[in-house]
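What follows draws every value from the coordinates through simple rules; no lab data is involved. Note that this is a predicted model, so its numbers are computed, not measured. Methodologically, a virtual Cβ is constructed for each residue, glycine included, from the backbone with ideal geometry; neighbour enumeration extends over all protein chains shown.
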Amino acid sequence: MLKSYRDLLTWQKAIELALLVYRMTEGFPKREIYGLASQLRRAGVSVPSNIAEGYGRAGRREYLQFSLSSPRFAERVGNANYPGAKVGVRHFVTS
């Protein structure tokens, strides 16, 4: 029985993603601190935040609405990968 959103495997994996994004962006050039690094960090944190918020909602429909928005934020992290690689941020993988 789930007692909290923290018991959800999807939330746990989303937290791992957020931590990975933070570690990855620590070495970004200073010129990217308020640009790409900030955008990536916000998107990374949005994934587990949406899962947690959806879990706290009253109905299944609301839960699904928030949970289904999480992949969009994860996709934002992946999307920012491409321009990051193009501007010479070495922490990105281009495949």
Taking 49-56, 3-10, 18-25 and ranking on average Cβ neighbours within 10 Å, highest first, one gets 49-56, 18-25, 3-10
Given Cβ point charges of +1 (Lys, Arg) and -1 (Asp, Glu) and nothing else, what value in debye, to the nearest 20, does the dipole of region 1-59 about its Cα centre take? 80 debye
